Amino acid sequence: MQQSLAKIVGANWVKTRPSELAAYDADGLPGHRATPSLAVFPGTRDELIQVVRELAKTGTPFVPRGAGTGLSGGSLAEDVVLLGLQRLTRIISVDPVNRTARVEPGVVNVRLSRATLPHGLHYAPDPSSQTACTIGGNVAENAGGPHCLKYGVTLNHIVECEVILPDGTLTRFGNAHGETDGYDLLGLFIGSEGCFGVATEITVRLVPNPDAVHTLLASFASVDAAARAVSRIVATGIVPAALEMMDNATIRAVEASIYTAGYPIDAAAVLLCEVDGMHEGLDEDVAIIRRCCEESGASDVRVATAEADRMRLWQGRKKAFGAMGRIAPSLVVQDAVVPRTKLPEVLARIDAIAQHHGVKVCNVFHAGDGNLHPNIPYDANNAEENDRVHHAMSEIMQACIDAGGTITGEHGVGLDKLPYMERLFSAASLDAMCRVRSVFDPDRRANPGKVVPVRACREWHGTAGVTSPRDGSAHAVA
Ligand SMILES: Cc1cc2nc3c(=O)[nH]c(=O)nc-3n(C[C@H](O)[C@H](O)[C@H](O)COP(=O)(O)OP(=O)(O)OC[C@H]3O[C@@H](n4cnc5c(N)ncnc54)[C@H](O)[C@@H]3O)c2cc1C
């Protein structure tokens, strides 16, 4: 296998030594490691296609990997071929008239918006990891970001994907002009977490840069009051471009770090709210939002219009996870969604769970979407602490499910959330997911072991047994 792949990509781009593979045995999720048997890094689209076809000849399982910033263990799989896409970084074309761009999967998210800036356009989905994560990884995870409240998630910004299926068939989902016909296979592919095939080329929608942007920072004496402000703002009918909340633990972590943004360290919570659009009418929106915050008990509301001030406020939010790195060596960044009206109740529940298990939870999240990110800084090498964190996380996810929410807003299921899938979906729903997967990848060679526990797949029962990390029993995973 090594030789045949080296013939396609060159010997330098096939890695087999343990020291080389160690760099790819983890992503952004602590506590999960899996070492690939070999890593191959195609340098062109044609090489990528040839590599997948070579793997198909021998029935070899593989896992696609973009930048490895995923937070659910999505780009990890033990003893499979790792298909590294980070050399495929070409922005193939920008079409300012039709407001689209065609890119290779390894293009880093923020680079795309920088490249389209001269045309007055940008790529709207902006994960906080946007300076590192790739468009291919964003497609696979259906990534979100702070500005998805108004602009929508990745799904709303992709018009076409060229995909190589695990059997080596090259196909296209969607249409370069954004029209649809037949079944929405593009919609199905986006968010499929590398389990349906590999995106080889992606055509994205670009949006015009707004005329004006105003960013507000509101400080609150309680998380409850900040959550009430979120509901009040949304009820006005204004759709902010972003509506983010950070609690006191997060504020303190940011302010103690090099990403300091001037957040008030005594506030129990801050809301970062952005409105954008035409100059006309924007001041009125700002005034209404200010009033909503004040009526909900905000002690201070600051408005930044100058670019440098706005960037500073955003830097704190976007680098908050990094700032938490000062608290403990490991950080688990969780992702769940609850109905917006349930935010105060669920945040109180999270606080009680944290206290019960003696863990520190820092909340920083997309409040406007009800997309929570309870983060726990801890030491993954301390078995006892690891156990407490695991239990706290499990209870937090259950609390979100009980509140009518779900277990992932934007970070995917990956390995991390497999155990919650059976809590959330019926056997029939999980079985339907397995059948859909079979259409794209009947042999389960693309990113094996992800998203749906295979014991839920009726037609797949009894094959490829692996040991469950949860209960020690043998089960297979899809
Ligand atoms: C500090 C930090 C902040 C973050 N903030 C956000 C946020 O605000 N919003 C958000 O949504 N996420 C966020 N994330 C999570 C992560 O950045 C996203 O999930 C991102 O989309 C992953 O992209 P990647 O290139 O790193 O993919 P990887 O981690 O390499 O892979 C992720 C998944 O995509 C698959 N994959 C990768 N490329 C392809 C391809 N071309 N074809 C098919 N499958 C592929 C992999 O197999 C894997 O299952 C954050 C992560 C970090 C570390």
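The values are calculated or read from the model by the stated rules, or taken from the named source; none is laboratory data. Treat the numbers as computed from the prediction; the structure is a model and nothing was measured. Every residue, glycine among them, receives a Cβ derived from its backbone with ideal geometry; neighbour counts consider all protein chains shown. In case anyone asks, the SASA skips ligands and DNA or RNA and just uses the protein heavy atoms, side chains included. Shrake-Rupley method; radii C 1.70, N 1.55, O 1.52, S 1.80 Å.
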**Prompt:** Going through the range 53-89 one residue at a time, which ones are near the ligand (Cβ under 6 Å from one of its atoms) and assigned to a strand (DSSP E or B)?
**Reply:** Val63, Pro64, Arg65
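The rows are residues; the columns are (1) without any contact (Cβ under 8 Å) to a residue 12 or more places away in the chain; (2) more than 9 Å from the ligand (Cβ to nearest atom); (3) closer than 30 Å to Met397 by Cβ; (4) open to solvent by 10 Å² or more (accessible area, probe 1.4 Å).
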{"residue": "Ile92", "(1), (2), (3), (4)": "no, yes, no, yes"}
{"residue": "Val97", "(1), (2), (3), (4)": "yes, yes, no, yes"}
{"residue": "Thr100", "(1), (2), (3), (4)": "no, yes, no, yes"}
{"residue": "Val103", "(1), (2), (3), (4)": "no, yes, no, no"}
{"residue": "Arg111", "(1), (2), (3), (4)": "no, yes, no, yes"}
{"residue": "Leu121", "(1), (2), (3), (4)": "no, yes, no, no"}
**Request:** Could you identify the single residue in Thr200, Thr215, Thr134 that is modelled with pLDDT of 95 or more, β-branched (Val, Ile, Thr) and over 19 Å from Thr89 (Cα atoms)?
**Result:** Thr215
**Message:** Condition check: part of a loop (DSSP other than H, G, I, E, B), under 26 Å from the mean Cα position of the chain (by Cα) and of a type outside the set (Val, Ile, Thr). Does Ser231 satisfy that?
**Reply:** no
**Item:** Enumeration of residues in the range 300-336 that are of a type in the set (A, V, I, L, M, F, W, C) and in contact with a helix residue (DSSP H, G or I) (Cβ under 7 Å, 6 or more places away or on another chain)
**Value:** Val301, Val303, Ala304, Ala320, Ala323, Met324, Ile327, Leu331, Val332, Val333, Ala336
**Request:** Check Val204, Val239, Val254, Val234 and return the single one that is β-branched (Val, Ile, Thr), away from the ligand (no atom under 16 Å from the Cβ) and touching a helix residue (DSSP H, G or I) at 6+ places or on another chain (Cβ under 6 Å).
**Result:** Val239
**Request:** Return yes when Thr200 is touching a strand residue (DSSP E or B) at 6+ places or on another chain (Cβ under 8 Å), open to solvent by 10 Å² or more (accessible area, probe 1.4 Å) and over 20 Å from Cys434 (Cα atoms) and no when it is not.
**Result:** no
**Request:** Identify all residues within the range 373-416 that are within 16 Å of the ligand (Cβ to nearest atom) and over 20 Å from the mean Cα position of the chain (by Cα); write none if there are none.
**Result:** Ala380
**Prompt:** Can you name the residue in the range 12-31 that is in contact (Cβ under 8 Å) with a residue 12 or more places away in the chain and open to solvent by 60 Å² or more (accessible area, probe 1.4 Å) and is also farthest from the ligand (Cβ to nearest atom) among such residues?
**Reply:** Pro18
**Request:** Could you grab the pairs with beta carbons closer than 7 Å, sequence gap of 6+ or different chains, first residue in the range 248-271 and closer than 13 Å to Ala320 by Cβ, second one in a loop (DSSP other than H, G, I, E, B) and charged (D, E, K, R)?
**Result:** Ala249/Lys360; Tyr259/Lys319
**Asked** Could you give every pair whose Cβ atoms fall below 6 Å, whose first residue belongs to the range 298-314 and is closer than 15 Å to Val275 by Cβ, and whose second residue is basic (Lys, Arg) and open to solvent by 70 Å² or more (accessible area, probe 1.4 Å), counting only separations of at least 6 or pairs across chains?
**Response** Val301/Arg290
**Prompt:** Could we say that Cys195 is near the ligand (Cβ under 9 Å from one of its atoms), in a strand (DSSP E or B) and either buried (at least 17 other Cβ atoms within 10 Å of the Cβ) or modelled with pLDDT of 95 or more (or both) here?
**Reply:** no
**Fill in**
Going through the range 131-146 in order, the residues found to be more than 7 Å from the ligand (Cβ to nearest atom) and buried (at least 22 other Cβ atoms within 10 Å of the Cβ) are Ile135, Asn142
**Item:** Extreme residue, nearest to Asp283 (Cα to Cα), among residues of the range 156-192 that are open to solvent by less than 20 Å² (accessible area, probe 1.4 Å) and part of a loop (DSSP other than H, G, I, E, B)
**Value:** Ile190
**Message:** If a residue must be more than 22 Å from the chain's Cα centre (by Cα) and of a type in the set (Lys, Arg), how many such residues does the range 91-117 contain?
**Reply:** 1
